[in-house]
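Here is the structure we will look at.
Every number in this text was worked out from the coordinates using simple rules, so none of it is lab data. Since this is a predicted model, take the numbers as computed values, not measurements. Ideal geometry is used to build each Cβ from the backbone, glycine not excepted, and the neighbour counts take in all protein chains shown.
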Amino acid sequence: MGDPKFLRRTFERPKHPWEEVRMAEENKLLTKYGLKNKRELWRAQFRLRNYRRQARELQARVRAKEVQAEKETKALLESLVRIGALPVGANTLDDILSLTLDSLLERRLQWIVYVKGLASTLTGARQLIVHGHISVGNHKVRSPGFVVTRDDEVKVAYNAYSPFLDEAHPMRVSIKQKIESGKGAPSAPPASG
């Protein structure tokens, strides 16, 4: 792990910071997924690059018929299926290489709270999480970037001590009205472009 003063980087900045096309794409993703800043997006891109790098290295080692590489391939595929980035039937390294940034960003707690209808907007979902109104299982989670596994997705709910647990809370009533009228259906995410 190293010295706490010198932690590892969890993201990389772009090599050319002022590319118009890249900045436009980043801004679309920021608004689609309700990210606070580009650093959160760069973190997801960094994780995606690491998964792809591991898959390419494992492909080369599997071709060389290493036994340990097959075990590591199986472990990597299982971990990505467990977090929900890959579908349940994924069993090749090509599935990892075809991963998209969207598949990782849709596993964030903020997105899942919004899709489940616990908040009417992505900004509202982020605020509920940061203020401690959302729990995963019995654990209060205050990080909007928390990666929710496939098993924990059904456990995402309001915290036991949150005032939003009451069905008659004004925010819950307004969310229900938006869903019933079809205007703010959380199952239909905002357009990406």
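Can you pull a Stokes-Einstein diffusion coefficient for region 46-159 at 20 °C (1.002 mPa s), Rh from Kirkwood over Cα pairs, as a whole number of µm²/s?
Details: Rh = 15.3 Å.
Roughly 141 µm²/s, to the nearest whole number.
Say the cut-off is 23 Å between C-alpha atoms; which of Lys116/Lys140; Lys32/Lys116; Lys15/Lys36; Lys28/Lys155; Lys32/Lys140; Lys38/Lys140 go over it? Kindly include the intermediate steps, with their values, before the conclusion.
Working: Lys116/Lys140 17 Å; Lys32/Lys116 16 Å; Lys15/Lys36 21 Å; Lys28/Lys155 29 Å; Lys32/Lys140 25 Å; Lys38/Lys140 25 Å.
Among Lys116/Lys140; Lys32/Lys116; Lys15/Lys36; Lys28/Lys155; Lys32/Lys140; Lys38/Lys140, the Cα-Cα distance tops 23 Å for Lys28/Lys155; Lys32/Lys140; Lys38/Lys140.
3J(HN,Hα) along region 69-79, derived from phi through the Karplus expression 6.51 cos²θ - 1.76 cosθ + 1.60 where θ = phi - 60°, amounts to 5, 5, 5, 5, 4, 4, 5, 5, 4, 5, 5 Hz, with x in place of Gly and Pro. With the simple model of a label 7 Å out from the Cα in the direction of the Cβ, Arg39 to Arg56 spans 2.8 nm.
What does the helix-only formula give at 222 nm for the chain: each DSSP H stretch with n ≥ 4 adding -39500 (n - 2.57), the total divided by the residues, and the result rounded to the nearest 500 deg cm²/dmol?
Roughly -15000 deg cm²/dmol at 222 nm, from the helical runs in the chain.
Relative contact order of region 35-118, taken over Cα pairs closer than 8 Å and 6 or more residues apart, is 31 percent.
Taking Rg and Dmax of the Cα atoms in Å as the quantity of interest, determine which of (i) 20.2, 72; (ii) 19.1, 62; (iii) 18.3, 58 was computed from the displayed structure. Read-out taken from this structure: (ii). Please give me the summed charge of the neighbours of Ile134: other residues whose Cβ is under 9 Å from its Cβ, Lys and Arg +1, Asp and Glu -1. Net of charged neighbours comes to +2.
Once the convex hull of all Cα atoms in region 113-157 is built, its volume per residue stands at 62 Å³. Relative to the longest principal axis of the Cα atoms of the chain, helix 38-63 runs at roughly 30 degrees. With equal scatterers on the alpha carbons only and no solvent term, can you work out the Debye log10 of I(q)/I(0) for region 1-112 at 0.14, 0.16, 0.18, 0.21 1/Å? Log10 I(q)/I(0), no solvent term: -0.70, -0.87, -1.01, -1.16. With 0.36 nm allotted per residue and the present C-alpha distance subtracted, the Glu72-His139 stretch has 21.1 nm of extension available.
If you split all Cα-Cα distances of region 93-191 into 10 Å bins from zero, what percentages do you get per bin, shortest first? Going from the shortest bin to the longest, the percentages are 16, 46, 29, 8, 2.
Around the amide H of Val136, modelled in the peptide plane, lie the amide H atoms of Val141, all under 5 Å away and 5 or more residues distant in sequence or on another chain.
So what's the angle, to the nearest 10 degrees on a 0 to 90 scale, between helix 20-33 and the longest Cα principal axis of the chain? It is inclined by approximately 50 degrees.
Eigenvalues of the alpha-carbon gyration tensor of region 70-112, scaled by 5 and square-rooted, set the equivalent ellipsoid semi-axes at 20, 11, 8 angstrom, largest first.
Do you know the relative contact order of the chain, to the nearest whole percent, from alpha carbon pairs under 8 angstrom that are 6+ apart?
Details: 215 pairs, mean separation 35.5, N = 193.
The value is 18 percent.
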